[in-house]
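Below is one structure, written out as structure tokens, with a few remarks after it.
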Amino acid sequence: MPTASSRCHLLTLPDELIFEILSYCPVENILKLEGTCKRMYQICRSHAIWRSLVQRLDVSQAPSTNPFHSIESLPEPELRWKVINAVQRHRVWTTPGNVPPMRVLELPLPHIEESRIMKTRLLPGGKEILISNHGSVEFWSIESMECLWSIPAPEDHIDTVGFDFDIVDNGEVLAIAIVCEDGVFPDMSLLRLYNYTFANRSVNMVLERRLPTLSPSRIMLQGEFFISSIPRLFQSVVLNWRSGSALILDFADPMRVRTDVRSKLVADNNLIVFLQEAELGFCAAKLPLSALNERWSDEVNHNAWQHVLFRSLDRDYSLLPLPYSEDQDSAQNGNAGYGLWVLAHHIFKPSWQPDAPTEIFVVAYTVTPGGRKPMRLISFRLQLSHSEGQGSERDSGTLKLVRSSSAPIGRLPRNPRNVSNTGLMFSLRQKLQVITLFSEDGQPISEVDLGADVIPEFEEFDPNVSSVDPWSGAIAVRILGSMKVLYFD
């Protein structure tokens, strides 16, 4: 047993070693240590401590940040607040009946039709918002309450049916893809793609293309790729808007029978699709985009594009089974053979963690006829990582399943595009419903009354969560012809 003289007291250690020890401590312990003595106060308020703490935050405690701004470069007081706020918000959101402190901003939109459903998308950081409003697409600054620019409503015979965006060129350019229906060409969809430069607030149309009829609920813009689905044909359109080249993808089983792709996304130069395989069940399929290098077509007419077929036996095509509770897909509940239906997915790289793998959240559900069995919410957390030394185009990374869960849920969220980096989803009826992914508990885990000043009380009332910014946790809510943005600080 060591004697008092042989014990090593914390304050006798070098500062560098104390920093290393404290970086593994819970945030609550750091805050307590601050008040013990002057030296511990100085150590606990150092930038090095809070930089280490923010880097160790799991995605369930993801800090409020912007993916294009370095969180480590923040001064110590702001970095400290980010870490404490992330830990506290996680604790509050996962406690039934609780909601973090909230502030509400209402946008002064002058011409909202109460009967028209607006489509909105919050930008990372929650300070700007895209709104499809009265036929036009508008870009608003929430802080200054002004419309920075708008894409005018299209011609009378053209109707905007959907849009998506991504921020490219290291955060300097906002790319917006708008899909329209054209009454003159009813058998085709019209794609218009715009670039907005933040520095000089200029906007340019960079692409206009007629495509096969697309599903408006399945359009996606990721980096330089526009991706969508052709209804009823189980086919996917992939278009590189920078080069203008495109192709049509088919996925099939070993017998060359087309497979219905439930969802798709682009991650680290891979196309990842989620589908139901006859033998393996629900799977994630990874296809390196380099495998398509010789297949792209520069033709403007989509009828001349190559149709590329991929099967599970192909060399470039890898499958990752995503198992879930087998009794949810049995013949007794009428779901046999159909598998899971994807409600939402979310992809991001934790910018606060050095060399972090790409995170992919997939939210799915089971279908049961006649409601004989409770609906289940199935969630998967995947990671796409790269090994050291990988450099060739064929080294496309390793996709692995980190976690999955199955939970009973009464009603699905109305808007699927509302998954946060922390693994939360939100739905709004008379109350704000909080849904936690990767949990076996019944969902929603919490229902919160936001108050009559936020959600007015009407007899016939249909509020809607229009968008959630995954990075800040801000929520855009459409309420009877108005648009409110909720911030949880």
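What to note about this one:
Here's the yes/no breakdown for (1) under 21 Å from the mean Cα position of the chain (by Cα); (2) of a type in the set (A, V, I, L, M); (3) closer than 30 Å to V203 by Cα:
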{"position": "D58", "(1), (2), (3)": "yes, no, no"}
{"position": "E72", "(1), (2), (3)": "no, no, no"}
{"position": "L79", "(1), (2), (3)": "no, yes, no"}
{"position": "A86", "(1), (2), (3)": "yes, yes, no"}
{"position": "W93", "(1), (2), (3)": "yes, no, no"}
{"position": "K119", "(1), (2), (3)": "yes, no, yes"}
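- The strands (runs of 3 or more DSSP E) found wholly in region 206-318 and carrying at least 2 residues that are touching a residue at least 40 places away in the same chain (Cβ under 8 Å) and over 29 Å from P186 (Cβ atoms) occupy 261-267, 270-277, 281-288, 307-311.
- The condition of being under 30 Å from A452 (Cβ atoms), at pLDDT 90 or above and surrounded by 16 or more Cβ atoms within 10 Å (Cβ to Cβ) holds for only one of W93, W50, that being W93.
- The residue pairs whose first member lies in region 140-156 and is of a type in the set (A, V, I, L, M), whose second member is assigned to a loop (DSSP other than H, G, I, E, B) and exposed (fewer than 14 other Cβ atoms within 10 Å of the Cβ), and whose beta carbons are closer than 8 Å, counting only pairs six or more residues apart or on different chains, are M145/P108; L148/R201.
- Qualifying residue in region 369-391 (condition: more than 21 Å from G281 (Cβ to Cβ) and either modelled with pLDDT of 90 or more or touching a His at 6+ places or on another chain (Cβ under 8 Å) (or both)): yes
- Region 60-90, residues that are modelled with pLDDT of 95 or more and assigned to a loop (DSSP other than H, G, I, E, B): A62, P63
- Within region 426-470, being over 18 Å from N98 (Cα atoms), touching a residue at least 60 places away in the same chain (Cβ under 8 Å) and crowded, with 22+ Cβ neighbours inside 10 Å holds for S466, S467, V468, D469, P470.
- When each of P254, P216 is tested for being farther than 30 Å from P323 by Cβ and at pLDDT below 95, the lone residue that passes is P216.
- Within region 448-474, the set of residues being at pLDDT 90 or above and either of a type outside the set (D, E) or over 30 Å from H69 (Cβ atoms) (or both) comprises S467, V468, P470, W471, S472, G473, A474.
- Residue identified as under 26 Å from L174 (Cα atoms) and not acidic (D, E) among L280, L239, L275: L239
- Some residue of region 112-124 being at pLDDT 90 or above, at positive phi and part of a loop (DSSP other than H, G, I, E, B): no
- Some residue of region 149-160 being buried (at least 19 other Cβ atoms within 10 Å of the Cβ), in a strand (DSSP E or B) and touching a Leu at 6+ places or on another chain (Cβ under 9 Å): no
The values are calculated or read from the model by the stated rules, or taken from the named source; none is laboratory data. Every value quoted in this text rests on a predicted model; they were computed, and no experiment measured them. Neighbour counts run over all protein chains shown; Cβ positions are idealised from the backbone, glycine included.
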